[in-house]
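The values are calculated or read from the model by the stated rules, or taken from the named source; none is laboratory data. Computed from a predicted structure; not experimentally measured. All Cβ positions, glycine included, derive from the backbone under ideal geometry; neighbour counts span all protein chains shown.
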Amino acid sequence: MSAVYARPMVVGLDLPSVDRIGEALDRGEPIGLVHDRLPAGERDALIARLRAAAIPEDTAAVVFTTGSTGRPKGVVLSTAAMAAAVRASARLLGVRDGDRWLLALPPAHVAGLGVIARSRAMGVMPIVAETAAATAAATATAATTAGATAAAAVSLASLVPSQLVALLEDERWRPSERLRGVLVGGAAATAALIGRARARGVPVLTTYGMSETFGQVATSPPGEVPPAGAVGKALDGVAIAAGTRAEPAPILVTTASAFSGYLDEARPAGEQVVTSDLGFVEDGWLYVVGRADDVIITGGEKVHPVAIEAALARVPGVASVCIVGVPDERWGQLVAAALVVASGFDGGALDAAIAALAPHARPRRIAMVESLPLGPTGKIDRRAVAAGFRAAV
């Protein structure tokens, strides 16, 4: 690490933040991005870490992970890594005259920063969701994302599943004819959700990436329908290795967009990223079965929450579901399900879906909740869900 320090920058989903980030990137000034909606104590702690740590001289930005599994990690991204990621995305999606990206994700996290970087490479500004929603004349829900995607100028977008759900809540909503690609990632999207979106005419491209690779490394190519459960194919210049369908293993990614290291930790140089996600590759398609630290061990058996969530999400009226493990004296952990249900919910179908699971994978505790807690990027906060089950004991 060199004696170079990232300038802390507290940013939100607004045009001034986009301008400040773009100007810093143009100047080659290393910046450390902090979400403006974090509690004051957490925000101050991240700013202190940025001011104390040295980073490599070629650093473009430091972004923090959400800390959903522990202390947030400061991911150091170089100018070269950012450029490689932008090029790989452009080769997959293409660049057309008049393309405009929708910025609907916090720019303090890599998905939002990626939209800014891609837009900057095209020489245009992204369309900020909250701004577009205020000016778009469209029949849309109150969700700013829905209003923004109705804006005629939007051609590309990057969303998390919860935002896609918000788009589909208004049955009258239809995407603009210019909208040619919607990357959906950040968390597992159910087959039912993707199917609903495509039936509505949303050009969904499921994608997989992480902060450590500056976003997408595997995406469903435009025009190709992925096999059931597949996320996407490796982007040009990216190599992905994992386990098998019978034995998922940690996903290994080799890419020129790999991060330089963590803010407070030493990391050997190299282009391979060992992820915390489990998956496998078949016929060139990547399948992600969940995070290694989300795996539930119950009675010595492994349960992958994503697989159970996919099964229960197919039940009529189940709007969203989160599977977690809760401590149990006898079994080590019990499988627990938190469900948000809507009109048309079929309790009998839920019982049947649970009965169809392997005995060790069946939820032993079920909670019907009004909503699932979300983190700042719109992902379901599994730690908060698990805490709710523990508090209810």
### Task
Quick one: P8 ticks every box in (1) surrounded by fewer than 17 Cβ atoms within 10 Å (Cβ to Cβ); (2) assigned to a strand (DSSP E or B) except a single one, so which number is it?
(1)
### Message
Here is a check on your reading of the model: is G74 assigned by TED's automatic domain parsing to the domain that holds L156 and at positive phi?
### Response
no
### Query
Between residues in segment 312-337 that are in contact (Cβ under 8 Å) with a residue 40 or more places away in the chain and assigned by TED's automatic domain parsing to the domain that holds L372 and residues that are in a strand (DSSP E or B) and of a type outside the set (A, V, I, L, M), which pairs lie under 8 Å by C-beta distance while being six or more apart or on different chains?
A313/S320; G325/T298; G325/Q333; V326/Q333; V326/R365; P327/Q333; A336/G325; A336/R365
### Query
Of the numbered conditions (1) within 30 Å of M210 (Cβ to Cβ); (2) aliphatic (A, V, I, L, M); (3) modelled with pLDDT of 90 or more, A353 satisfies every one except a single condition; which is it?
(1)
### Summary
Going through segment 225-252 in order, the residues found to be under 20 Å from A199 (Cα atoms) and either exposed (fewer than 15 other Cβ atoms within 10 Å of the Cβ) or among the basic types (K, R) (or both) are V225, P227, A228
### Message
Residues that are touching a Leu at 6+ places or on another chain (Cβ under 6 Å), of a type outside the set (S, T, N, Q) and closer than 28 Å to T66 by Cα: does segment 221-230 have at least one?
### Response
no
#### Entry: Extreme residue, nearest to L105 (Cα to Cα), among residues of segment 27-71 that are touching a Ser or Thr at 6+ places or on another chain (Cβ under 8 Å) and either in a helix (DSSP H, G or I) or among the aliphatic types (A, V, I, L, M) (or both)
V63
### Summary
When segment 241-258 is checked residue by residue, the ones that are out of contact with any Phe, Trp or Tyr (no Cβ under 7 Å at 6 or more places or on another chain) and of a type in the set (V, I, T) are I251, V253, T254, T255
### Query
When the residues of segment 261-315 are filtered to those that are touching an Asp or Glu at 6+ places or on another chain (Cβ under 8 Å) and part of a loop (DSSP other than H, G, I, E, B), which remaining residue is modelled with the highest pLDDT?
V315
### Query
Could you say whether any residue in segment 12-20 is within 18 Å of G261 (Cα to Cα) and either of a type in the set (D, E, K, R) or assigned by TED's automatic domain parsing to the domain that holds T207 (or both)?
no
#### Entry: One residue from T255, T219, T207 being more than 30 Å from I323 (Cα to Cα), in the same structural domain as L168 (by TED's automatic domain parsing) and touching a Ser or Thr at 6+ places or on another chain (Cβ under 7 Å)
T255
### Query
How about segment 201-260: which of its residues are on the phi > 0 side of the Ramachandran plot and among the aromatic types (F, W, Y)?
F214
### Query
Of the numbered conditions (1) in contact with a strand residue (DSSP E or B) (Cβ under 8 Å, 6 or more places away or on another chain); (2) closer than 21 Å to V231 by Cβ; (3) in contact (Cβ under 8 Å) with a residue 12 or more places away in the chain, L350 satisfies every one except a single condition; which is it?
(2)
### Message
For segment 338-388, which positions are part of a helix (DSSP H, G or I) and either under 30 Å from L103 (Cβ atoms) or outside the structural domain of V306 (by TED's automatic domain parsing) (or both)?
### Response
R382, R383, A384, V385
### Query
(1) more than 23 Å from R196 (Cα to Cα); (2) in contact (Cβ under 8 Å) with a residue 12 or more places away in the chain; (3) not aromatic (F, W, Y): which one isn't true of L372, the others all being true?
(1)
### Pair list, Cβ under 7 Å, 6 or more apart: segment 42-57 residue touching a residue at least 60 places away in the same chain (Cβ under 8 Å), other residue polar (S, T, N, Q)
P56/S2; P56/S78; P56/S260
### Task
Answer with yes or no whether G317 is surrounded by fewer than 20 Cβ atoms within 10 Å (Cβ to Cβ), at positive phi and over 19 Å from the mean Cα position of the chain (by Cα).
yes
### Message
among the acidic types (D, E) and crowded, with 16+ Cβ neighbours inside 10 Å: which single residue out of D26, D19, D36 fits that description?
### Response
D36
### Query
Mind checking which residues of segment 94-124 are in a loop (DSSP other than H, G, I, E, B) and either among the polar types (S, T, N, Q) or touching a helix residue (DSSP H, G or I) at 6+ places or on another chain (Cβ under 7 Å) (or both)?
V95, D99, A104, L105, P106, P107
### Query
Conditions: (1) within 23 Å of V238 (Cα to Cα); (2) part of a helix (DSSP H, G or I); (3) of a type in the set (A, V, I, L, M, F, W, C). A24 meets all but one. Number of the miss?
(1)
